[in-house]
Each structure stands twice: as structure tokens, then as C-alpha cells.
Amino acid sequence: MSPVSFMLNVLWVVLGGFWMALGWAVAAVIMAITIIGIPWARGAWNIAIYTLFPFGQKAVSREIYIGERDFGTGILGFIGNLIWLILAGWWLALGHLFTALLLAITIIGIPFAWAHLKLGAIALWPIGKTIVPA
């Protein structure tokens with residue numbers, strides 16, 4: 001991780017990143033407890049870590065990254081994303097949107113608000129994505 005990414009990640013945690021990462025972790029735990037939510041729990045945990053340290057990483061489609069379709073990028077991924085959207089995606093996206101609006105009030109918060117908006121989009125439709133170094 002570059003020094004700039006490290007400093008941005010430290011500021012990110014202080015300016016709201018920790019709380020949203022905690023929200024993702026809670027979603028992962030709830031999904032794991034329900035047993036049928038286990039397929040979503042691992043993905044939610046990975047995105048929780050990404051939400052904690054977003055700078056220096058990016059989320060991309062697995063189909064584009066590995067060059068072939070898999071369960072998460074096909075029709076099962078579509079169905080999984082619909083279930084995710086109903087159960088957890090909308091409230092995580094709402095949390096990112098609310099945090100982005102608060103951060104956008106200040107000039108220094110605008111880059112962090114933009115990052116929250118990107119994470120909000122991932123919150124709505126996370127299956128079929130992978131986190132890679134930027």
C-alpha cells in the first residue's frame with residue numbers, strides 16, 4: 001500500500017469508514033447465523049474489509065477479471081443479488097448515501113463522499129464482484 005493510500009485510509013476510518021465497515025460485518029454475521037445466508041456472508045465480509053480500507057483497491061466484475069463466467073456472474077448471481085438487495089443491500093446503500101451526503105458538506109469530505117457513493121452501488125449489487133489492488 002502506498003503512503004498516500006495509507007493516509008487516505010486512516011482519514012477514511014476516522015470520517016465514517018469504520019461505521020460502514022461495521023455495518024457490512026453485522027450483515028455478514030446475520031447472514032452466517034441464518035445458515036441459508038452463508039453464501040452471502042463471505043462476500044459481505046470481504047466487502048466489509050474493502051469498506052474499511054477502500055483506497056488502493058477497487059471492486060471489479062469477476063467475469064471481466066478472470067475472463068469467464070461463474071455462478072456469481074450468471075443467472076444464479078442475478079437471483080442472489082435480488083435476494084441480497086431485499087435483505088441487506090438497500091439499508092447498507094442507504095447508510096453509504098447518508099454518510100456521503102454528510103461528508104459532501106465539507107470540501108475535504110468530497111473525495112470520501114465519492115468513495116461512499118461507489119460503495120453504495122456495490123452494496124446494492126455485490127455478487128459477482130471481486131476486490132483487486134488498484
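The values are calculated or read from the model by the stated rules, or taken from the named source; none is laboratory data. The model shown is predicted, which means the values in this text are computed figures rather than measured ones. Because the Cβ atoms are built from the backbone with ideal geometry, glycine has one as well, and the counts that use them run over all protein chains shown. Please note that ligands, DNA and RNA were not included when accessible areas were found on the heavy atoms of the full protein model with its side chains. Shrake-Rupley method; radii C 1.70, N 1.55, O 1.52, S 1.80 Å.
Please state the relative contact order of region 3-133 as a whole percent: Cα pairs under 8 Å, 6+ residues apart? Walk me through the numbers before you get to the answer.
Values: 165 pairs, mean separation 37.2, N = 131.
Here the relative contact order equals 28 percent.
In vacuo Debye scattering of region 70-134, one point per C-alpha: log10 I(q)/I(0) at q = 0.15, 0.28 Å⁻¹?
These q points yield log10 I(q)/I(0) values of -0.53, -1.05.
Along region 89-105, what does the Karplus equation 6.51 cos²θ - 1.76 cosθ + 1.60 (θ = phi - 60°) give for ³J(HN,Hα), rounded to whole Hz, x for Gly and Pro?
The phi angles translate into x, 5, 6, 5, 5, 5, x, 5, 5, 4, 5, 4, 5, 5, 6, 5, 5 Hz.
Sticking with the crude label model, points 7 Å out along Cα→Cβ, report the distance from S61 to L82 in nm, one decimal please.
1.9
Taking the chain as a Gaussian network, Cα atoms linked when under 10 Å apart, which of T73, T106, T51 shows the biggest mean-square fluctuation?
Largest GNM mean-square fluctuation: T106.
Which residue fluctuates the most in the chain, going by a Gaussian network model with Cα springs under 10 Å, if the choices are G23, G67, G109?
Comparing G23, G67, G109 in a Gaussian network model of the chain, the most mobile one is G67.
Under the rule of at least 5 residues apart or a separate chain, name every residue whose amide H is placed under 5 Å from the amide H of A104.
Close amide H contacts, sequence-distant or interchain: none at all.
Can you tell me the length gained on complete extension of the stretch M7 to V132, counting 0.36 nm per residue apart and subtracting the Cα distance? Let's see the in-between values first.
Working: separation 125, 0.36 × 125 = 45.00 nm, distance 1.91 nm.
Fully extending the segment from M7 to V132 adds 43.1 nm.
Add -39500 (n - 2.57) for each DSSP H run of 4 or more in the chain, then divide by its residues: what number comes out at 222 nm, to the nearest 500 deg cm²/dmol?
On the way: 7 runs with 85 residues, N = 134.
Rounded to the nearest 500, the figure is -20000 deg cm²/dmol.
Just the C-alpha atoms of the chain: what Rg/Rh do they give, with Rh taken as the Kirkwood radius? Before the final figure, lay out each step's value.
On the way: Rg = 14.7 Å, Rh = 15.0 Å.
Across the chain, the Cα-based Rg/Rh ratio is 0.98.
When the chain is fully extended, how far beyond the present Cα-Cα distance does I75 get from I107, taking 0.36 nm per residue of separation? Before the final figure, lay out each step's value.
Working: separation 32, 0.36 × 32 = 11.52 nm, distance 4.17 nm.
Separation in residues times 0.36 nm, less the Cα-Cα distance, equals 7.4 nm.
With a probe of 1.4 Å, find how much accessible area region 3-133 has per residue, and write the answer as a whole number in Å². Mind showing how you got there, number by number?
On the way: 7700 Å² over 131 residues.
That works out to 59 Å² for each residue.
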